[in-house]
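Structure, as structure tokens:
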Amino acid sequence: MPIAERDPPKGRRESYVLPKVPVPPLKQTLDMYLTSIKHLVKEEQYQKTKSIVEKFGEPGGTGELLQEKLLEKSINTHNWVYDYWLDDMYLNQRLALPVNSNPAMVFPKQDFRDHKDSLKFAAHLITGVLEYKKHIDTRALPVDFSRGQLAGTPLCMKQYYRLFNTYRLPGLKRDTLVIHETGSTEQEHIIVACKNQFFVMDLVVKEKPLREMDILSQLEKIVKMAENTEERQPPFGLLTSDGRTEWAQARDVLIKDSVNRESLAVIEKCLCVVCLDDPSGMEVGDTSRALLMLHGGGHEKMGANRWYDKPMQFVVGEDGVCGTVCEHSPFEGIVLVACTEYLMKFMTGSPSKIGRATSVSELPAPRRLLWKTTPHIQGLLKASAERLQRLVRDLDMDVHKFEVYGKEFIKKQKMSPDAYIQVSLQLAFYRCNGRLVSTYESASIRRFHEGRVDNIRSATPETLAFVKAMTDEKTSLSDSEKIKRLWDAINAQTNSTIAAITGMGIDNHLLGLREISQEIHMEMPEIFTDETYVASNQFILSTSQVPTTVEMFCCYGPVVPNGYGCCYNPQADHLLFSVTSFHGSTETSSAVFIKALDEGLVEMRDLCKTSNKPQSNKIRCRRSHSPSVLCGSLDRA
Ligand code: COA
């Protein structure tokens, strides 16, 4: 049975107690909000917003009332922002999951000699998943500690306990994140997708868990069954690629029939989905592999061989294209990296046991899931296929390895690599568009109980001054002025990062104030209907650092039609960027952005080299180990 989303997990609890996410001081957030938008909007609009914000924040005003309510909520809940954030970020969103929401992790290209090789890989991978799941069920995962800024703090592990036991159920207005009890016996199966067919593979037969050899033999049976065209079922996975409301409506139609109801129930309770893909026919490169993970190449390729609602979906392509596609609402990319790195290391470090074991040939064959269709349902499938195809055609993706230098060079300048890369992204955007825009960078707040993320607003005024120095004012400014502006930009970015990771970010706080106003049935305060607030939540640049220690990379799509998604993976001697945008926008081009990024990174290096005397980084609390050291103490010079 599913347990409520907020129930404490069973079993051994972590031996440390994490602080609650703080509610930042109201005035601090309002001041930071005004600073974050002043240089992004016209003066007249800024003045209008400023007076709205000041009215909201005046003594005894709406802001103080809402702040008081939030403070009360923070006392009475584990994490005051968790539900607001989950709804706003994911469950209320109506866009289709592929590209718009689900990130993907692309594994190194595999060299399979034949299709048997790819099944062996899949069997080994599933064995690794079961090993990892044992660590989860026994709560034996080692606690993560923060690295980089404010290193050494224990991090909340809750997201790990949502990897395999969750399911995003579509709803007409809001989806639901269903959570099954960890280790539940209802969850002793996986779903294997092959040729758009879905098969149930039980992992425990006659109370005995399947061994790797057994898993392989079950996969072989599945491939044979999938080839049987007479029993072939329509490609129902397509429905999960559709907009959330469309899928919810279709699901309401499906569940009128008991056959469909049963098939859905089995999928919704599985541990994970394993997609055995046919060769896509595409030339295999980093970009094409990333595309195949994000949308499967549409219904004509592998796009229907998926079940996008399931948080963990492993893809094993016969052509060596492998990876993981994730429904994002239960966990962040960093947790996904930890899990997939475990799997990669498991697969390279522990030899496959297939050669040595004897197969349990009498295992019952996996079951094919059946579907009842009607002309109406056929129409729904066709509509979903067309909408997925539009998404596929629209996605403009470019995966790029910048090889001139990596994070070690940046560290040698005594700069934060993350801040430096963020500044380079702003420079690239300014080069392409002649302006800066509202930018999202995910900042982990896992140092707090049930912490997820807040936003680092990277388009700072200091960065605007720097990017102008590198473009419009390039010839009129000296190198020393440029390097000074670079340091100002890096320091401002590092300060914003520290604010966000210590719970002093402004986006979660503003969201909380907005949502609590609705909870108490207040008319929406003007600060949240103001065009500046609305525009500042349209993240034209949506960025995220997802570093890996084994060879693989993460990617995701843009969050607005005229935006970029930019996921980066800083390595010691190179930087990997996955940039996405939509062909439908005349304002964006992933290739043009990458070119500008490349040029800017080289120019920034040259600038750093002109000054081999790095100025002191004015961040005072960088080495502190306490999450409660907040940015009241930051030098915002
Ligand atoms: N001089 C020299 N070295 C420095 C430095 C400086 N001024 N500032 C930082 N460094 C070093 C750090 O010590 C760290 O070293 P390490 O590689 O040995 O660990 C390294 O540079 C990286 O630090 P930095 O670039 O500052 O970034 P960070 O690791 O602190 O990361 C965030 C910053 C915002 C990305 C991180 O806090 C975070 O929130 N990550 C999660 C993002 C996320 O959720 N992504 C997934 C979304 S789905």
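The values are calculated or read from the model by the stated rules, or taken from the named source; none is laboratory data. These numbers were taken from a predicted model, which means no experiment stands behind them. Heads up, the Cβs are rebuilt from the backbone with ideal geometry, glycines too, and the neighbour counts pull from every protein chain shown. The accessibility values were calculated without ligands, DNA or RNA, using every heavy atom of the protein model including side chains. Shrake-Rupley method; radii C 1.70, N 1.55, O 1.52, S 1.80 Å.
Listed values, structure above:
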{"quantity": "Residue among GLU227, GLU300, GLU283 that is closer than 16 Å to ASN196 by Cβ and modelled with pLDDT under 95", "calculated": "GLU300"}
{"quantity": "Filter pass, ALA489 being surrounded by 23 or more Cβ atoms within 10 Å (Cβ to Cβ), part of a helix (DSSP H, G or I), of a type in the set (A, V, I, L, M, F, W, C) and within 15 Å of the ligand (Cβ to nearest atom)", "calculated": "yes"}
{"quantity": "Residue match in the range 368-377 (condition: open to solvent by less than 30 Å² (accessible area, probe 1.4 Å), in a helix (DSSP H, G or I) and more than 16 Å from the ligand (Cβ to nearest atom))", "calculated": "yes"}
{"quantity": "Test for SER280: is it of a type in the set (Ser, Thr, Tyr) and either more than 29 Å from ASP117 (Cα to Cα) or touching a His at 6+ places or on another chain (Cβ under 8 Å) (or both)", "calculated": "no"}
{"quantity": "Residue satisfying all of: in the range 131-147; open to solvent by 50 Å² or more (accessible area, probe 1.4 Å) and closer than 30 Å to ASN491 by Cβ; farthest from the ligand (Cβ to nearest atom) among these", "calculated": "PHE145"}
{"quantity": "Selection status of ALA419, within 7 Å of the ligand (Cβ to nearest atom) and either within 17 Å of the chain's Cα centre (by Cα) or of a type in the set (Ser, Thr, Tyr) (or both)", "calculated": "no"}
{"quantity": "Flag for THR529 being in contact (Cβ under 8 Å) with a residue 60 or more places away in the chain and of a type outside the set (Asp, Glu)", "calculated": "no"}
{"quantity": "Subset tally (residues that are more than 21 Å from the chain's Cα centre (by Cα), within 16 Å of the ligand (Cβ to nearest atom) and either open to solvent by 10 Å² or more (accessible area, probe 1.4 Å) or of a type in the set (A, V, I, L, M, F, W, C) (or both)) for the range 150-175", "calculated": "4"}
{"quantity": "Selection status of ALA500, outside any loop (DSSP other than H, G, I, E, B), among the aliphatic types (A, V, I, L, M) and away from the ligand (no atom under 12 Å from the Cβ)", "calculated": "no"}
{"quantity": "Test: CYS326 is more than 25 Å from PRO375 (Cβ to Cβ), more than 16 Å from the ligand (Cβ to nearest atom), in contact with a helix residue (DSSP H, G or I) (Cβ under 8 Å, 6 or more places away or on another chain) and open to solvent by less than 30 Å² (accessible area, probe 1.4 Å)", "calculated": "no"}
{"quantity": "Any chance PHE331 is in a helix (DSSP H, G or I) and either within 16 Å of the ligand (Cβ to nearest atom) or modelled with pLDDT under 95 (or both)", "calculated": "no"}
{"quantity": "Residue in the range 556-568 that is under 29 Å from THR348 (Cβ atoms), within 12 Å of the chain's Cα centre (by Cα) and open to solvent by 10 Å² or more (accessible area, probe 1.4 Å) present", "calculated": "yes"}
{"quantity": "Where a residue in the range 332-351 is under 16 Å from MET157 (Cβ atoms) and open to solvent by less than 10 Å² (accessible area, probe 1.4 Å) and its partner, wherever it lies, is within 16 Å of the ligand (Cβ to nearest atom) and in a helix (DSSP H, G or I), with Cβ under 8 Å and at least six apart", "calculated": "VAL335/GLN159; VAL335/TYR160; CYS339/TYR160"}
{"quantity": "Residues satisfying the stated conditions in the range 254-267, i.e. outside any helix (DSSP H, G or I) and in contact (Cβ under 8 Å) with a residue 12 or more places away in the chain", "calculated": "ASP257"}
{"quantity": "Only listed residue being more than 16 Å from the ligand (Cβ to nearest atom) and without any contact (Cβ under 8 Å) to a residue 24 or more places away in the chain, chosen from LYS382, LYS411", "calculated": "LYS382"}
{"quantity": "When residues of the range 463-501 are limited to those that are without any contact (Cβ under 8 Å) to a residue 60 or more places away in the chain and among the basic types (Lys, Arg), the one farthest from THR610 (Cα to Cα)", "calculated": "LYS468"}
{"quantity": "Members of the range 431-460 that are within 13 Å of the ligand (Cβ to nearest atom), under 18 Å from TYR84 (Cβ atoms) and of a type outside the set (Gly, Ala, Ser)", "calculated": "TYR440, ILE445, ARG446, PHE448, ARG452, VAL453, ASP454, ASN455"}
{"quantity": "Contacts under 7 angstrom Cβ, first residue in the range 540-554 being more than 25 Å from SER585 (Cα to Cα), partner near the ligand (Cβ under 10 Å from one of its atoms) and assigned to a strand (DSSP E or B), 6 or more apart", "calculated": "VAL546/CYS554; VAL546/CYS567; PRO547/PRO570"}
{"quantity": "Residues that are more than 34 Å from the chain's Cα centre (by Cα) and either on the phi > 0 side of the Ramachandran plot or at pLDDT 95 or above (or both), drawn from the range 203-216", "calculated": "LYS206, GLU207"}
{"quantity": "Helices (runs of 4 or more DSSP H) contained entirely in the range 405-481, each with at least 3 residues that are open to solvent by less than 10 Å² (accessible area, probe 1.4 Å)", "calculated": "417-433, 461-469"}
{"quantity": "Positions within the range 233-253 being open to solvent by 10 Å² or more (accessible area, probe 1.4 Å) and either modelled with pLDDT under 95 or part of a helix (DSSP H, G or I) (or both), in sequence order", "calculated": "THR245, GLU246, GLN249, ARG251, ASP252, VAL253"}
{"quantity": "Some residue of the range 542-559 being more than 16 Å from the ligand (Cβ to nearest atom) and modelled with pLDDT of 95 or more", "calculated": "no"}
{"quantity": "Test: residue in the range 528-538 that is crowded, with 22+ Cβ neighbours inside 10 Å, touching a Leu at 6+ places or on another chain (Cβ under 8 Å) and not small (Gly, Ala, Ser)", "calculated": "no"}
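To keep it simple, each residue is scored yes or no on (1) under 16 Å from the mean Cα position of the chain (by Cα); (2) open to solvent by 40 Å² or more (accessible area, probe 1.4 Å).
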position	(1), (2)
TYR90	yes, no
ALA96	yes, no
VAL99	yes, no
MET105	yes, no
LYS116	no, yes
LYS120	no, yes
HIS124	no, no
